[in-house]
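Data first, discussion second: the structure below is written as structure tokens.
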Amino acid sequence: MKFTTRGRYGLRAAFVLAQGWGGPPVALKDIAASQHLAEKYLEQLLSALKKAGLVETVRGAQGGYTLAKPPEEITVRQVVVALEGDMAIVDCQRGAQCKDADKCATHKVWNRISDAVNGALDAITLKDMLNDYSCAQARGDRY
């Protein structure tokens, strides 16, 4: 499994919004500048996150983007799935019924791996990312 730029960049944008949680909306251009992303591409990513109910927009001169929920209520998996789609690691997990699932020696292996990946993504919230980042910054780690 490989995450595309949609998932990676979208998670970075969500992280920026988590950093600004409780403050004024963050302008698209500010997110783009801080993450070195093209505004047009970022706008597409934020639109997908909005559609998933993770991001809200505020119109007007002081408008921008905010998280729709507190950072501790948004998991990395929610962000990634909103941008990448389901997290199946092989095609036979993508809703297509495998006619040989009961005889396939690897079917349960792929399911276990998928469950482990999804569990890890569910276990990390944007708040966890903020905490990890703050700790790394405090130690002087390159992040």
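The values are calculated or read from the model by the stated rules, or taken from the named source; none is laboratory data. Remember, predicted model here, so these are calculated numbers, not experimental data. Positions of Cβ are backbone-derived with ideal geometry, glycine not excepted, and every protein chain shown enters the neighbour counts. Surface areas here come from the heavy atoms of the whole protein model, side chains and all, with no ligands, DNA or RNA. Shrake-Rupley method; radii C 1.70, N 1.55, O 1.52, S 1.80 Å.
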Query - Over the chain, relative contact order from alpha-carbon pairs under 8 Å, at least 6 apart, % - result: 27 percent
Query raised in the report: Given R₀ = 35 Å, FRET efficiency for Asp115-Lys29 by Cβ-Cβ distance, to 0.05?
Result: 0.30
Query raised in the report: What ranking of Arg139, Arg6 comes out by heavy-atom accessible area, probe 1.4 Å, highest first?
Result: Arg139, Arg6
Query raised in the report: If you add up the charges near Glu43, with Lys and Arg at +1 and Asp and Glu at -1, over every other residue whose beta carbon is less than 11 angstrom from its beta carbon, what do you get?
Result: +2
Query raised in the report: For Rg/Rh (Cα atoms, Kirkwood Rh), which listed value, (1) 0.92; (2) 1.03; (3) 1.06, comes from the coordinates shown?
Result: (3)
Report task. Name the residues whose placed amide hydrogens come within less than 5 Å of the amide hydrogen of Ile74, ignoring near sequence neighbours (fewer than 5 apart) on the same chain. Result -> Leu126, Lys127
Report summary line: Taking the square root of 5λ for each eigenvalue of the C-alpha gyration tensor of the stretch 1-46, the equivalent ellipsoid has semi-axes, largest first and in whole angstrom, of 19, 12, 8
Query - Local net charge near Glu56, Cβ-Cβ under 15 Å (Lys/Arg +1, Asp/Glu -1) - result: +2
Query raised in the report: Looking at the square roots a ≥ b ≥ c of the eigenvalues of the Cα gyration tensor of the stretch 33-87, which shape do they give, rounded for a/c under 1.5, prolate if a/b is larger than b/c, or oblate?
Result: oblate
Query raised in the report: So how exposed is Lys108, as accessible area in Å² (1.4 Å probe, rounded to 10)?
Result: 150 Å²
**Report entry** Linear extension gain, Val90 paired with Asp128, 0.36 nm per residue minus alpha-carbon span
**Finding:** 10.8 nm
Query raised in the report: What does the highest-first list of 38-44, 15-21 look like by mean Cβ count within 10 Å?
Result: 15-21, 38-44
